[in-house]
Amino acid sequence: MRFKNLIIPVAFATSMMFVSSCSRKVTRIDPNQQVDLSGNWNNTDARQVAEEMTGTILNATWLINHLSDHAGKKPVVIVGMVYNKSHEHIEAEIFTKEVERSFIQSEKVRLVQGGKKREEIRGERADQQTNSSTSSMKKFGLENGADYMLQGSINSIVDAINRKKVVYYQVNLELTNIQTNEVVWIGEKKIAKYVKN
């Protein structure tokens, strides 16, 4: 009888420990707060690298030369592909959006859409040719052509032993004059993270 009387309390205590170990607490934090849980590339890296690199781009001599050669007219820039060549899954679009945001906030260059978003806009313009009033439809052939294209890659190296590792990231960007194919700016940003488990 004693054994049966013990089973219920022990089973209850075990189930409560299991439930409490599975509970999760979520706390909202400031998106700008730096939090490194895994040592992997994160939103802080994307934001900091984008801000630093666009600051460097916008203070380089290519911009002074362009403004001088074009009577002070701001250059038109398009952000092309930034390839993820790292060891982990990185959504490169988060990084490129940070770069585009920094460009727009600087008000030193004009930014045009590229890739799939440009195609979507062109599709809308084509749809307007048959479905919008003549006075409101947008015409073909009036887009701002880009003067320069920014392209690049995110690379990484991992050095690990036992429960320690150093993750090294390097972001490379290049700005190219579309008319002449001349590379007018090259930049890189390095990040190293020491992770101990």
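Here ASN181 and GLU93 are evaluated by their C-beta separation; at R0 = 22 Å the FRET efficiency comes out at 0.30.
Beyond 26 Å in Cα-Cα separation lie the following of the pairs LYS85/LYS193; LYS73/LYS190; LYS25/LYS189; LYS74/LYS193; LYS25/LYS117; LYS97/LYS164: LYS73/LYS190; LYS25/LYS189; LYS74/LYS193; LYS25/LYS117; LYS97/LYS164. With the charge dipole of the stretch 38-196 set up from +1 on Lys and Arg Cβ and -1 on Asp and Glu Cβ about the Cα centre, the Cα lying farthest toward the positive end among the listed residues PHE103, VAL76, VAL183 is that of PHE103.
Could the peptides 177-187, 71-81 be put in order, highest first, of the mean number of other beta-carbon atoms found within 10 Å of their residues? Intermediate results must be reported in sequence, preceding the final value.
On the way: 177-187: 13.2, 71-81: 15.9.
Going by the mean number of other Cβ atoms within 10 Å, highest first, we get 71-81, 177-187.
Take the Cα of ARG28, step 7 Å toward its Cβ, do the same at MET81, and the gap between the two points is 3.9 nm. Each part reduced to its alpha carbon centroid, the stretch 39-63 and the stretch 120-139 end up 36 Å apart. Among beta bridges identified by DSSP and lying wholly in the stretch 38-196, the antiparallel ones come to about 75 percent.
All distinct Cα pairs of the stretch 38-196 go into the 1/r average, and the inverse of that average, the Kirkwood radius, is 17.7 Å.
Fully extended, how many nm does the chain gain between ILE191 and TYR168 (0.36 nm per residue separation, minus their Cα-Cα distance)?
Extra length available between ILE191 and TYR168 comes to 7.7 nm.
Near VAL77, once Lys and Arg are set to +1 and Asp and Glu to -1 for all other residues with Cβ below 12 Å from its Cβ, the sum equals +1.
None of the figures in this text is laboratory data; all of them are computed from the coordinates on show. Note that this is a predicted model, so its numbers are computed, not measured. Ideal geometry is used to build each Cβ from the backbone, glycine not excepted, and the neighbour counts take in all protein chains shown.
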